[in-house]
Amino acid sequence: MRIGIDITTWTNPRGFGRFTRSLVLALLECDHDNEYILFDYSTGENEHYWPEHTKVVPVHSRKLKTDTTGIGRRRFTDMWKMTRTVAQQSLDLLFFPSVDSYFFVTKPKHRVVTIHDVIPELYPDLTVLNSGHRFLRRAKVCLALRQAEYVLTGSTFMQEHLQQVFKLPKERIGVVPYGADSTFGLPTKRSDVQRMVSKRHGFTLPYLLYVGDNGPHKNLGVLISSFRRLKQKRLQDTLSLVIISPEDSLPPGINPTCAKDNPGEEEYIYHLGFQPDNDLKALYQGAEALIVPSIMEGFGLPGIEAVSCGTPIIATTESPLPELLGGAVIAVGPKNEQDIEMAMISLLEEQGLAQQLRHSAIALSEKFRWSNSAEQLIKLFRLWVS
């Protein structure tokens, strides 16, 4: 097969950008039977070592714009350039790693679009804040669902939501769980990692971790309120909350500063900003738990990365993480501060619970890898084109 892939979301720092990068590289590494044609901007930003069975086709258009929630949009002239460029290639299948980069397609016949979540549809006031952008996104999604034969998503949890929200038949939706990059793995000695990250970043031990942006649906404000309630009850505790989030996405009252630059911080809430993967791995490894408090998650990729590092999860029930990760997760309702607070207390104080959760995480540490995702996706491609 000649498989085309739109990789114009490659440089996006959010989850669907990592999905594009990691899944495409895994596809190219494990599949030597098919030929891949990658469609990218002509800026040269995505230069990479490409295998021999790969061809990169540059499209002379402006980069996909994204707002603060990561929603992507293009000018119509640029969309038309993408359409014409793709039509000039003789493809068997065209794959979009994100519906946010979708454009009108005339060829090929077989088209697959990834819809990571239905959060903009269920919570439009929390995601697509501009009404004009909301209308354009809705039109783009409708176009994608009208043109694409199949929809890809990351979990049966989201497959069911796609069926309900878009009235899609189950057989049109393929499910491929996402993975963690090979960077993320178990620590040799966790106590050494904890001392290292504490010294490097200046926060106190032990610590809970949040990784992600702060769109309103991410619920970071509720997490912070829950943590403050916990600290009021445990005044002598040195427990910290470490936030890994872009500096422009913090809720009011949290300053974008490292703990070591603000040693007088009494609340033990520390914001470290963006972290490269090797540093992020260490932060996962040393944490008591990763907390995913979102009102809804399409997948929750940081949860998979954390478990790959042997770290337990406190995760919203409105996500696939409790189902996917089972005994490594404490599931909480996302809208109640007290539920999140009680989950943190249980993790920290119930004898044996943390050890049990950590053992479950370690047992799952190699289950979710992008190589597995790529192999499952290739099987779906073959099925859909046959």
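The values are calculated or read from the model by the stated rules, or taken from the named source; none is laboratory data. Keep in mind that this is a model prediction, so the values were computed, not measured. Note that each Cβ is placed from the backbone with ideal geometry, even for glycine, and that neighbours are counted across all protein chains shown. The accessibility values were calculated without ligands, DNA or RNA, using every heavy atom of the protein model including side chains. Shrake-Rupley method; radii C 1.70, N 1.55, O 1.52, S 1.80 Å.
Against the chain, whose longest principal axis is taken from its Cα atoms, helix 370-385 shows a tilt of about 30°. Using the alpha-carbon positions of region 307-349, Rg (one decimal) and Dmax (whole number) come out as 10.3, 28 Å. Sorting the segments 116-122, 190-196 by their residues' average number of neighbouring beta-carbon atoms within 10 angstrom, most packed first, yields 116-122, 190-196. Computed from the Kirkwood radius of its Cα pairs, the Stokes-Einstein diffusion coefficient for region 77-210 at 4 °C and 1.567 mPa s stands at 72 µm²/s.
Backbone amide hydrogens, once placed in the peptide plane, bring residue 152 within less than 5 Å of 113, 114, 115, 174, excluding anything fewer than 5 places away on its chain. Couplings 3J(HN,Hα) of region 104-116, computed from phi: 4, 10, 9, 9, x, 5, 8, 9, 10, 10, 8, 10, 6 Hz, in residue order, whole Hz [Karplus 6.51 cos²θ - 1.76 cosθ + 1.60, θ = phi - 60°; x for Gly and Pro].
Using the average count of surrounding beta-carbon atoms within 10 Å as a protection proxy, the listed peptides 331-338, 130-137 rank, highest first, as 331-338, 130-137.
Taking every pair of Cα atoms in region 275-371, average 1/r, invert it to obtain the Kirkwood radius, and report Rg/Rh to two decimals.
That ratio equals 0.95.
For the chain, the solvent-accessible area of protein heavy atoms averages 43 Å² per residue (probe radius 1.4 Å; ligands and nucleic acids excluded). Using the Karplus relation 6.51 cos²θ - 1.76 cosθ + 1.60 with θ = phi - 60°, the per-residue 3J(HN,Hα) values for region 31-40 come to 10, 10, 8, 10, 9, 10, 10, 9, 9, 9 Hz, with x marking Gly and Pro.
As a test of the formula, what do you get for the chain when each DSSP H run with n ≥ 4 contributes -39,500 (n - 2.57) and the sum is divided by the residue count, at 222 nm and rounded to the nearest 500 deg cm²/dmol? Spell out each step's value before the answer.
Working: 14 runs with 153 residues, N = 386.
-12000 deg cm²/dmol, from helical runs alone.
Taking a ≥ b ≥ c as the square roots of the eigenvalues of the alpha carbon gyration tensor, region 198-238 is oblate, as a/c is not under 1.5 and a/b does not beat b/c.
Among DSSP bridges having both ends in the chain, what percentage is antiparallel? Round to the nearest 5. Restricted to the chain, the bridges split so that about 5 percent are antiparallel.
Semi-axes of the equivalent ellipsoid for region 335-386, computed as √(5λ) from the eigenvalues of its C-alpha gyration tensor and ordered from largest down, come to 39, 16, 6 Å. Taking 359, 217, 32 in turn, the Gaussian network model of the chain (Cα-Cα springs below 10 Å) assigns the largest fluctuation to 32.
Amide H to amide H, with H built 1.01 Å from N, residue 110 comes under 5 Å of 94, counting only residues 5 or more places away or on other chains. Once backbone amide H atoms are built at 1.01 Å from N, residue 41 has 59 as its partners under 5 Å, excluding neighbours fewer than 5 places away on the same chain. Over all distinct Cα-Cα pairs of region 84-129, the Kirkwood formula returns a hydrodynamic radius of 12.3 Å. Taking max minus min of the alpha-carbon positions on each principal axis, the chain gives extents of 67, 44, 39 Å, largest first. Carbon-plus-sulfur accessible fraction, the chain (probe radius 1.4 Å, protein heavy atoms only): 51%.
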